[in-house]
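Read through the structure below, which is laid out as C-alpha cells, and then see the notes.
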Ligand code: BDR
Ligand code: CA
C-alpha cells in the first residue's frame, strides 16, 4: 500500500476525506498534520484527535502551522461551525498529539523511512507543505506525488477568483506549484460537480456510529445544503489519488497569483497555454458523477 501524509484543516469535508483515506486498504496513512485554515490550529488539532478517537485509529498527529507564511489568517467558521466540526457531540479525544517536532520535520522523517515513495495529500492551506518542500528540498526525489484539493479553474469561493485553501496562503501555494513535485489538483469545480444528494446522505446515515456522526455534521455543513446537495470538496482529493480514472485530467501549467489586491490566491489554470509555461500539474476538469457517488458510499461503508 502507498505511504501517505495528510495535511488538513478539519473542517467537515476534511473529516470525511480523512475517514475515507484511513479505511482504504490501498493507503497507509503514516502521519496527519493539522494546519490552521477553516478554523484555528487549536481547533483543527482537536478535531483531528476527536475524529481519530471516534474512528479508533491511532495515526501519528503532528500539528503544523498556526498561521500562513506571510499573511493574517482567514477562516471558514461560518461553513464548518465555530469549532470546525459543528453538529456532533464527539467523545473526549484520547489519541495523543506529538508537539515535540514540527510538521515539516515529521514529514521528512516519514518520507525518509519509507521503502516506497510517499504521497502527500493536502486538503487545507498549503503552509506546511511549502515549509516542508522548502526545508527539505532533497526529499522531492522521495515524493511520489502531491494530491491536493484547492484552487479553481474559474471563479472562487473565497475571493471572486480565489478558492479558500489557496486564498488562505497564496505564497505557500506559489512555492508548492513551483517546487517541481508532481501535482494532481482537484479544483472547486469538481467538488461542485460531485454534490452528494439527499438519497445518498440517507444511505450514509445508516452506517452505524460513523454514519450517524457524518449525518449530523452534514446537517450543519454550509447552511442547510444537505437538502440541495453537499459539496464534500476534500473527498475529491482522496478519489483523485485512489480512483484517478474517475476524472478527466488536463496536464497544464498552474500559476498562483500572489500580487493581486483582489486576486491573491487565484489559480491561473492555463488550459489554453497563454503563458507558455511548462505544465506543472494534472488538473481534474470533470468527474464521472455516478461512479464517484458509488465510490463515495462504498468508501464510507468500510467504516461501518
Ligand atoms: C476548501 O476550503 C475548506 O473550507 C474546505 O475544507 C476545503 O478544503 C474548499 O474551498
Ligand atoms: Ca479542508
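Each reported figure results from applying straightforward, stated rules to the coordinates on display, with no laboratory input. All of these numbers come straight from a predicted model, not from anything done at the bench. Every residue, glycine among them, receives a Cβ derived from its backbone with ideal geometry; neighbour counts consider all protein chains shown.
Taking the number of other C-beta atoms within 10 Å as the exposure measure, put 163, 294 in order starting with the fewest. Don't jump to the answer; show the numbers that get you there.
Working: 163 26, 294 13.
Least to most surrounded, the residues fall as 294, 163.
How much length would be gained if the chain were fully extended between residue 199 and residue 72, taking 0.36 nm per residue of separation minus their Cα-Cα distance, in nm to one decimal?
Numbers: separation 127, 0.36 × 127 = 45.72 nm, distance 4.00 nm.
Separation in residues times 0.36 nm, less the Cα-Cα distance, equals 41.7 nm.
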If 192, 118 are placed from fewest to most neighbouring beta carbons inside 10 Å, the sequence is 192, 118
Which one of 165, 78, 253 has the biggest mean-square fluctuation once the chain is modelled by GNM with Cα springs under 10 Å? 78
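Compute the FRET efficiency between residue 105 and residue 58 as 1/(1 + (r/R0)^6), taking r as their Cβ-Cβ distance and R0 = 22 Å, and round to the nearest 0.05. All intermediate terms of the calculation are to be shown ahead of the outcome.
Working: r = 20 Å, r/R0 = 0.93.
Between residue 105 and residue 58 the formula returns 0.60.
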Which of 94, 261, 219 moves most in a GNM of the chain, Cα contacts under 10 Å? 261
For all pairs of alpha-carbon atoms in the chain, what percent lies in each bin of width 10 Å, listed from the first bin to the last filled one? 7, 31, 39, 20, 3, 0
Ranked by Cβ crowding within 10 angstrom, fewest neighbours first, how are 213, 185 ordered? 213, 185
Run lengths n ≥ 4 of DSSP H only: what is the helix-derived mean residue ellipticity at 222 nm for the chain, with -39500 (n - 2.57) per run over all residues, to the nearest 500? -11000 deg cm²/dmol
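For residue 112 and residue 245, calculate 0.36 nm times their separation in residues minus their Cα-Cα distance, and state this gained length in nm to one decimal. Please report the intermediate quantities before stating the final value.
On the way: separation 133, 0.36 × 133 = 47.88 nm, distance 2.94 nm.
Full extension of this stretch gives 44.9 nm more.
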Taking springs between alpha-carbon atoms closer than 10 angstrom, which of 93, 125, 63 fluctuates most in the Gaussian network model of the chain? 93
